[in-house]
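Structure, as structure tokens:
The values are calculated or read from the model by the stated rules, or taken from the named source; none is laboratory data. Please read these numbers as outputs of a predicted model, since none were measured by experiment. All Cβ positions, even for glycine, are placed from backbone atoms using ideal geometry, and neighbour counts span all protein chains on display.
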Amino acid sequence: MVDRHDMIRHIKETYGIESEHLWMQYPNIEVFRHENHKKWFGIIMSVTKDKVGLEGEGNIDVLNVKCDPERVMFLSHQSGFAPAYHMNKKYWISILMDGAAPDALIYELVDISYNLTK
């Protein structure tokens with residue numbers, strides 16, 4: 001299961017990019033963006049479960065990545081995914097970091113997002 005720490009390490013090792021904490025009042029939000037033009041390709045947030053359509057109390061880590069609209073529509077109905085929280089729901093998808101989404105697919109989607117935002 002890919003968790004927050006695995007993803008931060010993967011992005012640093014694969015793309016040479018450190019996560020950024022853009023808002024001091026929200027220490028659980030980490031943004032990943034290209035160094036040259038500062039476009040975001042990912043963001044990890046800890047949000048309440050209800051924000052991504054889950055029942056129960058407490059928080060869950062989500063990773064938002066950019067994707068093509070057809071894939072976003074398909075994935076948003078799959079286990080481990082939700083319509084993008086706090087992003088354009090046509091082009092972004094939220095990956096629930098709870099183990100439901102296959103690890104290989106998560107890494108593939110991060111790579112797609114990185115390349116779409118180059």
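Residue check, V31 against (1) surrounded by 17 or more Cβ atoms within 10 Å (Cβ to Cβ); (2) over 11 Å from the mean Cα position of the chain (by Cα); (3) under 20 Å from D98 (Cα atoms), all met but one. Which one?
(2)
Quick one: in segment 10-26, which of the residues that are under 14 Å from I43 (Cα atoms) and of a type in the set (D, E, K, R) is surrounded by the fewest Cβ atoms within 10 Å (Cβ to Cβ)?
At the first step, the residues of segment 10-26 found to be under 14 Å from I43 (Cα atoms) are 10-12, 17-23, 26.
With of a type in the set (D, E, K, R) added as a condition, the list becomes 12, 18, 20.
Numbers: K12: 13, E18: 11, E20: 14.
Per the stated criteria, the residue is E18.
Can you report the number of residues in segment 64-82 which are in contact with a Ser or Thr (Cβ under 6 Å, 6 or more places away or on another chain) and closer than 19 Å to Y114 by Cα? First the steps, then the outcome.
So in segment 64-82, the residues in contact with a Ser or Thr (Cβ under 6 Å, 6 or more places away or on another chain) come out as 64-66, 82.
Add one more test, that the residue is closer than 19 Å to Y114 by Cα, and what stays is 64-66.
Qualifying residue count, segment 64-82: 3.
Checking L105 against (1) farther than 15 Å from I11 by Cα; (2) surrounded by fewer than 16 Cβ atoms within 10 Å (Cβ to Cβ); (3) among the aliphatic types (A, V, I, L, M); (4) free of Cβ contacts under 8 Å to residues at least 24 places away in the same chain, which test does it fail?
(1)
Filter segment 47-70 down to the residues that are touching a residue at least 40 places away in the same chain (Cβ under 8 Å) and of a type outside the set (A, V, I, L, M), then identify the one that is surrounded by the fewest Cβ atoms within 10 Å (Cβ to Cβ).
Residues of segment 47-70 touching a residue at least 40 places away in the same chain (Cβ under 8 Å): 52, 54, 61, 63, 65-68.
Still in the list and also of a type outside the set (A, V, I, L, M): 61, 66-68.
Values: D61: 19, K66: 23, C67: 21, D68: 12.
For segment 47-70, the residue satisfying everything is D68.
Let's see how each residue does on (1) at pLDDT 95 or above; (2) touching a strand residue (DSSP E or B) at 6+ places or on another chain (Cβ under 8 Å):
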{"site": "R4", "(1), (2)": "yes, yes"}
{"site": "W23", "(1), (2)": "no, no"}
{"site": "H34", "(1), (2)": "yes, yes"}
{"site": "W40", "(1), (2)": "yes, yes"}
{"site": "I93", "(1), (2)": "yes, yes"}
{"site": "L105", "(1), (2)": "yes, no"}
